[in-house]
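Read through the structure below, which is laid out as C-alpha cells, and then see the notes.
The values are calculated or read from the model by the stated rules, or taken from the named source; none is laboratory data. All figures in this text were calculated on a predicted structure; none of them were measured in a lab. All Cβ positions, glycine included, derive from the backbone under ideal geometry; neighbour counts span all protein chains shown. The protein model used for the area step is the full one, side chains on, heavy atoms only, and it has no ligands, DNA or RNA in it. Shrake-Rupley method; radii C 1.70, N 1.55, O 1.52, S 1.80 Å.
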Amino acid sequence: MQSIYYQLINKMEIASKYNPSEVEEKWYKYWLENKFFHSEPDNREPYTIVIPPPNVTGVLHMGHMLNNTIQDILVRRARMMGKNACWVPGTDHASIATEAKVVAKLATEGIKKTDLTREQFLEHAWEWTHKHGGIILEQLKKLGASCDWDRTCFTMDEKRSESVYKVFVDLYNKDLIYRGVRMVNWDPQAKTALSDEEVNYKEQQGKLYYLRYKIVGENGCAVIATTRPETILGDTAVCINPNDPKNVQLKGKKVIVPLANREVPIIEDDYVDVEFGTGCLKVTPAHDVNDYMLGEKYNLEILDIFNDNGTLNQHGLQYAGMDRFAVRKQIEKDLEAAGLLEKVEAYTNKVGFSERTDVPIEPKLSMQWFLKMEQLAKPALDAVMNDDIQLHPPKFKNTYRHWMENIKDWCISRQLWWGHRIPAYFLPQGGFVVAATKEEAYQKALSTVNYPLSIEDLRQDEDCLDTWFSSWLWPISVFDGINEPENKDIQYYYPTNDLVTAPEIIFFWVARMIMAGYEYRHKPCFHNVYFNGIVRDKLGRKMSKSLGNSPDPIDLINEYGADGVRLGMLLTSPAGNDLPFDSELCVQGRNFSNKIWNAFRLVKGWEVADIAQPESSRLSIEWFDGLLSKTIEEINDLFDKYRLSEALMAVYKLFWDEFSSWYLEMVKPAYQQPIDKKTYEATLNFFDDLLRILHPFMPFITEELWQALAERKSEESIMVVSMPQAKTYKADFLSEVEKAKEIIGNIRTIRLQKNIPNKEVLGLEVLTVDDNSLNSVIIKMANLSGIAKVEEKSPGAVSFLVGTTEYAVPLGNNVNVEEELEKLNTELVYLQGFLKSVVAKLSNEKFVANAKPEIVDNERKKQADAESKIKTLQESIEALKI
C-alpha cells in the first residue's frame, strides 16, 4: 500500500491562494448529494437541535448569522463525536409581521384589506409566502448550516397546524383556555391584541397635565394630574385615598368631567398614591388596567372612547374621528381656553410599545381568548431551578424565575387573518363549541342543541391564534409528537439536547416550550439553553435596518468566505454577552483561513526521502503530540461548559502559535533538503487531527484540505469522521519544551537587538547545571553551533536567565562595546531603582504584618529576581570593560 506522503504527492496540485467561493459551493453540494446532514433513528445516541424558526418571509441578518453558526458548530461536533445528529430547520408564519407586509404590498396595488374577503386576503398571503418564503433557509446554506433539509417544517404546514388545533381543543377541554372580556394591550396599527410579553416599555419625555374638575354645587374644584388628557372623555369617577387629609373635603361629592360636562362620583380607595400629583385620580375603566379593577370593584360605567385604529369614536364627542395624539394636542388648547387647565409640567414616564409595530399600545377592554398559565408554569419553573434544564450562562435563571413566579394568563387571540384560525364555532342561538375541525364541531353541536342545525349554521371565530401558540410546540411538533405521540421520531429524538436562542425571547418562546414539553411529553423539551448575545456595532448600538448599521451577511460571506465570517463572529461572542461586531473580525477570520491554507501548501511542497529521522524532529513530534492531547482535553471541557468562543480560541492558538509558528519550524527541512518519511507522516497526521478539530468552526476549508490530504473514496467526508481523542501525555515534558522555547526566544531577541542575521551561526553557553533534553531542538531553532557548559561566560557575551539557569551568547566581533555598555548601564540603573522600591516596601513592618502572605511572598520574589538580574548585568558590564 502506498504511504500517505506518496498519496499526497500524487494528488492534484492545490491552488496557490485559497478561493472560498469555489470551495464552499462545491463542498456544500457534495454534502447534500451524499445526505450527510440527514438523520434517521438508529442505535446510536441521538443529538438533536431544533432551529429557532425565522420569519418565513425574512432575510438573513447578523443575529441569525451568530445564532446559526453556534448551532452548526454544536451539530457538526456531535456528528464527529459519533452521535446521530439531527438539526431540524423550519420557518415561522409570523402572523403580525407577515400580515403587515401583505397589507403593505396590497396598498402599492391600490387594494385595501377591508376591500377583500378573508379567503381573498389569504390567497394573497399564501402567494407572498410562496414567493418570499424560504429565502432565509437558502441563505443559511451559504453559511454552511448542516440542517436536515428533508425535515424542513413550517408552523402553518399541515402537521404543525393539526398539532395546534389539537392542543387548543385539549387545553380548552381541561378548562385551561377560556374566553372573556378583559383589559388587553391593543396595537392600533396592527389592530390586534398583544400578550404582555409583546409590549416593550420605553422611557418617554412627556407632560403631566393638571386639570380642574369642578365640584358639583360648589365654586371649588378638584385638581387632577394625568399624562393622557384625551382619556378624560372616558372618565366615570374620581378616586381619592380615604386616609389623605388634603382631600378629605371631597368625600361624598361629585365633580364634572372637563369638556365632557358629565357628573361623576368621588370614590375612596387605598389604591390611590397620595404622593402622586394632587392625590386625586381620574378613573377611566375602559383604558387603564388599574382603573378597570376599580371600575369592577365599585360597579362604575365603562366608556370605551377609542376605535380599533386609535382614533376616537362617538364617545369622544367633538373629537370623534381624530387620532389619539392629535386629540392630546388639541384638548390641551381647549382645556386652557375653557380655564380648566391648572398647569403643565415636563414629565418622564415609561410607555408601552408594540414589540412588532413599535407604536404605543392602548389598554383596551376586549373579548379575547386566554390560556391559564399558573398550572402550566409550575413544572417549567421547577425544571430550571433544579437544573433539569440548564441555562447558559446561568445568570438568566433569576430572570426566568421572576417571570414564572409572577406569570399572568396568556392572551392567545389576535385580530388577524393570517395564522391559525381559532377552532371555536358559534351557534345560531348563542353559545359555541370548540373542535379541531368544522365537521367535529358540527357533531359536537348536534349533541348540545335541541333545534334543527346544519353545518353551514356554524360560524367560526374570526380571530387567529398568537404566533407563539404554534412556536411553543416546536420541539414536539417537528417530530409530529402531538398527532402521533408514539411515533419513532419523537421517541428517539425527544427530548432535544440544546437550544440556541436569544435571551429577549426567553418568555415568548423558551419558557412556553418548556411548559408545553411537560404538559404533552412529561419531560423537558431540551436539556440546555445557550443564550447568544445581541450583535452590536462599534458604538454599542444594536444592529438594525433602521439604523443602517448592519452589514448584509451574504456580502460578508462573499468578501471574507463563510469560514472567515463564522470565525470572526465567534472570536468575541461569549455566551449571553453581546457581540461588538467589526468587519475587522472577519478579516482576522479570513487571515486564519489563509494561514491554514499556506501551512498546508508548505508541507505539501516538502520533498520526502527515506532518510534517518533527526533527534530534534523526534522530540518535536513527541511535544506536539502531547500538546495536541492537552488542548483536546481543554476544548472538550470548554464545550461541556458551553464556552464556545474560548474553545475556538484554544484551537486557533494551537494551530497558529504552536503548529505553524513552532512545530513546522522545528521539523522543517533545511533549504532544498528533503524531510524524512517518519516525520512527514507524523506531520500529515497532525494536520489531519487539526483539520478535524477545526471542522465544526470552519467546515469548508477543512473539507477541502482533508480531501487533499490523502486518497478518499467518493462517499467520504471530514464531517462524518471521528473527532480526535486525547491520549496520555507527559506534562513535565511540555513544560520543558516551554523552557526551550523561552531560551530560543531570548537568543532571537539578542540577534534582533545586535542586528545579527539569522543565517549567522552562534554559540550558547550554560553557566549552571543544565539537564535539558531538548538541546537538539534549541540548536536547530536558534541556529547554534552547539551548547557548551562553562564555569564562566566568555568576555563580551550577552547573558539571560530562564528560570534560575543563566545562559550566555558569545558575540565575538558582533557587538559595538560602547553601545552595549550604554544599554546595559541604563538597564542596571532602572533595576537598582526598582530593587530599592521593593526593599523599602519589605522594610515597612506595617506592610509585612498586614498584607496577605502571598503578596509579601511575591514582593520577596521580585527582590530575588531583581538582585539576580543586577548581578548578571554587572558581570556583563565588567566583561565588556576588559
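Counting only protein heavy atoms and using a 1.4 Å probe, what share of the accessible area of the range 730-772 belongs to carbon plus sulfur, as a whole percent? C and S atoms contribute 51 percent here. Rounded to 0.05, the FRET efficiency of the His522 and Lys159 pair, given R0 = 25 Å and the Cβ-Cβ distance, is 0.70.
Normalised by residue count, the range 633-737 yields a Cα convex hull volume of 140 Å³ per residue. Here the extension length gained between Glu711 and Val856 equals 46.1 nm, from 0.36 nm per residue of separation less the Cα-Cα distance.
For the range 519-606, the percent of C-alpha pairs falling in each 5 Å distance bin, counted from 0 to the bin holding the largest distance, reads 3, 12, 16, 17, 15, 10, 9, 8, 6, 3, 1, 0, 0. Using just the C-alpha positions of the range 767-849 as equal point scatterers, what log10 of I(q)/I(0) does the Debye formula give at each q in 0.11, 0.16, 0.21 1/Å? Listed by q, the Debye log ratios stand at -0.49, -0.83, -1.07. With a Cα cut-off of under 21 Å and a minimum spacing of 8 residues unless on different chains, the lysine pairs in the range 38-197 number 14. Remark on the range 1-151: Rg and Dmax equal 21.4, 77 Å (Cα only). Against the chain, whose longest principal axis is taken from its Cα atoms, helix 853-881 shows a tilt of about 40°. Spacing of the modelled spin labels on Lys789 and Ala864, each 7 Å from Cα toward Cβ, amounts to 2.3 nm. Of the accessible area of the range 562-716, computed with a 1.4 Å probe over protein heavy atoms only, carbon and sulfur atoms account for 45 percent.
Couplings 3J(HN,Hα) of the range 252-257, computed from phi: x, 9, 10, 10, 9, 5 Hz, in residue order, whole Hz [Karplus 6.51 cos²θ - 1.76 cosθ + 1.60, θ = phi - 60°; x for Gly and Pro]. Surface analysis of the range 338-435 yields an accessible area of 44 Å² per residue, using protein heavy atoms and a 1.4 Å probe. With a Cα-only, solvent-free Debye model of the range 105-167, what are the log10 I(q)/I(0) values at q = 0.15, 0.27 Å⁻¹? Debye intensities relative to I(0), on a log10 scale: -0.70, -1.13.
Look at the dipole of the range 121-191 built from charges on Cβ: of Val184, Trp128, Ala145, the Cα furthest out on the positive end belongs to Val184.
With the simple model of a label 7 Å out from the Cα in the direction of the Cβ, Asn243 to Val761 spans 9.7 nm.
Of the trypsin sites (Lys or Arg not before Pro) in the range 19-68, the ones in a loop by DSSP (not H, G, I, E or B) with at most 15 other beta carbons within 10 Å are Lys35, Arg44. With an a/c value of 1.5 or above and a/b larger than b/c for the gyration tensor axes a ≥ b ≥ c computed over the alpha-carbon atoms, the range 836-882 is described as prolate. For the chain, a crude dipole built from +1 on the beta carbon of Lys and Arg and -1 on the beta carbon of Asp and Glu, taken about the Cα centre, is about 880 debye to the nearest 20. Along the range 93-101 the Karplus relation, 6.51 cos²θ - 1.76 cosθ + 1.60 evaluated at θ = phi - 60°, assigns HN-Hα couplings of 6, 6, 3, 5, 5, 5, 4, 4, 5 Hz to successive residues, with x for each Gly and Pro. Each label point was placed 7 Å from the Cα along the Cα-to-Cβ direction; for Asp196 and Glu456 their separation is 4.6 nm. Of the two radii for the range 255-374, the radius of gyration is 0.96 times the Kirkwood radius, both from the alpha carbons; that is the Rg over Rh value. For the range 18-86, the equivalent ellipsoid derived from the Cα gyration tensor has semi-axes of 23, 19, 12 Å, listed largest first. Subtracting the Cα-Cα distance of Glu345 and Ser735 from their residue separation scaled by 0.36 nm leaves 133.3 nm. Using θ = phi - 60° in the Karplus curve 6.51 cos²θ - 1.76 cosθ + 1.60, the 3J(HN,Hα) couplings for the range 620-630 round to 5, 5, 4, 5, 5, 4, x, 5, 4, 5, 4 Hz; x is entered for Gly and Pro. Note on Lys789: no lysines have a C-alpha under 16 Å away, same-chain residues under 8 apart excluded.
Restricting the calculation to Cα atoms, every distinct pair contributes to the Kirkwood radius of the range 729-775, found to be 12.3 Å.
Computed over the range 736-882, the range of Cα coordinates on each principal axis works out to 55, 36, 26 Å, biggest value leading. Amide H contacts of Leu303: Ala286, each under 5 Å away and 5 or more positions distant or on a separate chain (H built 1.01 Å from N in the peptide plane; Pro and chain starts excluded). Taking amide H atoms as placed 1.01 Å from N in the peptide plane, the amide H of Glu342 lies under 5 Å from those of Tyr210, Leu211, Arg212, each 5 or more residues away in sequence or on another chain. Against the chain, whose longest principal axis comes from its Cα atoms, helix 20-33 is set at around 70 degrees. For the range 343-489, a/c is not less than 1.5, where a ≥ b ≥ c are the root eigenvalues of the C-alpha gyration tensor, and a/b does not top b/c. That puts it in the oblate class.
From the Kirkwood radius over Cα pairs of the range 676-747, Stokes-Einstein at 20 °C and 1.002 mPa s returns a whole-number translational diffusion coefficient of 147 µm²/s. Size descriptors for the range 522-571, from the alpha-carbon set: Rg then Dmax equal 15.2, 48 Å. All other residues whose Cβ lies under 9 angstrom from that of Asn758 are scored, Lys and Arg at +1 and Asp and Glu at -1, for a net of +2.
Starting from the Kirkwood Rh over alpha-carbon pairs, what translational D in µm² s⁻¹ does the chain have by Stokes-Einstein at 37 °C and 0.692 mPa s? Here the translational diffusion coefficient equals 98 µm²/s. How far, in degrees from 0 to 90, does helix 374-385 lean away from the longest principal axis of the Cα atoms of the chain, to the nearest 10? The helix 374-385 is inclined about 10 degrees to the chain.
Each of Ala788, Cys411, Val839 was placed along the dipole of the chain (beta-carbon charges, centred on the mean Cα), and the one lying farthest toward the positive end is Val839. Taking amide H atoms as placed 1.01 Å from N in the peptide plane, list the residues 5 or more away in sequence, or in a different chain, whose amide H sits under 5 Å from that of Leu391. Residues meeting the criterion, in which the H sits 1.01 Å from N, are Val529.
A dipole drawn for the range 61-182 from +1 and -1 charges on Cβ atoms has a positive end, and of Leu171, Gly90, Ile73 the residue lying farthest that way is Ile73. Across the chain, the relative contact order, built from alpha-carbon pairs under 8 Å that are at least six residues apart, equals 13 percent.
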